[in-house]
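Let me begin by presenting the structure, written as structure tokens, before commenting on it.
The values are calculated or read from the model by the stated rules, or taken from the named source; none is laboratory data. As the structure is a computational prediction, the values presented were derived from the model and not from experiment. For neighbour counting, all protein chains shown are included, and Cβ atoms are generated from backbone atoms with ideal geometry for every residue, glycine included.
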Amino acid sequence: MEKIRVSKFLSEQGVCSRREADVFMDKGWVYVDGAPATLGTRIAPGQQVTLDPRAERALRRQVTILLNKPVGYVSNQPEKGYRAAISLVRPENRQPGSDDRTFDRMHLAGLAPAGRLDIDSQGLLVLTQDGPLARRLTASRTIEKEYLVRVEGTLSERGLRLLAHGLVLDGEPLRPARVSWQNRDQLCFVLTEGKKRQIRRMCAEVGLNVIGLKRVRIGRVLLGTLAPGKWRYLGKDETF
């Protein structure tokens, strides 16, 4: 079997990202069969890769932040005239009483959004230093994402069924979703995929206009009482 790079192996095993593996190897914190690995080192099946305790401690210190993104902020790279959601992660915007962890500027190093939320949408956005977690949240087809969506227009029973299953976007059938009325002008969507502006496009297909969209859950993690523009750390007992 072909040898693979140590960084790729550690990434595929969910230990750390390739970039983190390269940093650890540069520091001499990665070993192959007991010998220090270097950038570009390749391993064959059966070889043992281990981390120095200092690398393990660095990984344990990684943080994941939950932010209630307001409308008007972009979830990734800033666009002209708009600010990136990560700019809200400042001590003064921390949700009061969320936990007793001390904010450290190092918590911003390598912090990146795990998935997107449109500029005209609000709600739960995950920012993390954990590369494997980011990939899992963005690539998973099983982790549910729940949205509350205010709409204008008339929706028939057939239209409601089509929202749940039967629509095609970008030439591909959408995965089944759960869609139900919350009240007379608000729908609840539970999806396991995330095409660009998917819910707005789905609603347009059945004659609805979206006037407000808020993400309230990702997996088992809830937006809860997190106020708009506020953030908190993912709890040590919380998992997606």
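Looking at (1) under 30 Å from Arg90 (Cβ atoms); (2) in contact with a helix residue (DSSP H, G or I) (Cβ under 9 Å, 6 or more places away or on another chain); (3) among the β-branched types (Val, Ile, Thr), which is the only condition Val30 fails?
(1)
Identify, by number, the condition in (1) within 22 Å of Arg61 (Cα to Cα); (2) free of Cβ contacts under 8 Å to residues at least 12 places away in the same chain; (3) of a type in the set (A, V, I, L, M, F, W, C) that Ala114 doesn't meet.
Failing condition for Ala114: (2).
One residue is enough: does the stretch 65-80 have a residue meeting the conditions more than 29 Å from Gln95 (Cβ to Cβ), surrounded by 15 or more Cβ atoms within 10 Å (Cβ to Cβ) and over 23 Å from the mean Cα position of the chain (by Cα)?
no
Being touching a Gly at 6+ places or on another chain (Cβ under 8 Å), among the aliphatic types (A, V, I, L, M) and crowded, with 21+ Cβ neighbours inside 10 Å is the filter here, so list the residues in the stretch 109-133 that pass it.
Of everything in the stretch 109-133, those that are touching a Gly at 6+ places or on another chain (Cβ under 8 Å), among the aliphatic types (A, V, I, L, M) and crowded, with 21+ Cβ neighbours inside 10 Å turn out to be Leu117, Leu125, Val126.
Can you name the number of the only condition in (1) of a type in the set (A, V, I, L, M, F, W, C); (2) touching a strand residue (DSSP E or B) at 6+ places or on another chain (Cβ under 6 Å); (3) loosely packed, with under 13 Cβ neighbours inside 10 Å that Met106 fails?
(2)
Please pick out the residue among Arg158, Arg201 that is without any contact (Cβ under 8 Å) to a residue 40 or more places away in the chain, charged (D, E, K, R), part of a helix (DSSP H, G or I) and surrounded by 14 or more Cβ atoms within 10 Å (Cβ to Cβ).
Just one listed residue meets the conditions, Arg201.
Quick grid of which residues meet (1) assigned to a loop (DSSP other than H, G, I, E, B); (2) not polar (S, T, N, Q):
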{"site": "Thr154", "(1), (2)": "yes, no"}
{"site": "Leu162", "(1), (2)": "no, yes"}
{"site": "Gly166", "(1), (2)": "yes, yes"}
{"site": "Arg175", "(1), (2)": "yes, yes"}
{"site": "Trp181", "(1), (2)": "no, yes"}
{"site": "Val190", "(1), (2)": "no, yes"}
{"site": "Lys195", "(1), (2)": "yes, yes"}
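Would you please list the contacts, defined by Cβ atoms under 8 Å and residues six or more apart or on different chains, that run from a residue in the stretch 98-109 that is aliphatic (A, V, I, L, M) to a residue that is surrounded by 14 or more Cβ atoms within 10 Å (Cβ to Cβ)?
Listed by first residue and then by second, the contacts come to Leu108/Ile86; Leu108/Val89; Ala109/Gln129.
Go through (1) within 29 Å of the chain's Cα centre (by Cα); (2) in contact (Cβ under 8 Å) with a residue 12 or more places away in the chain; (3) not assigned by TED's automatic domain parsing to the domain that holds His107 for Pro53 and report which single condition fails.
(2)
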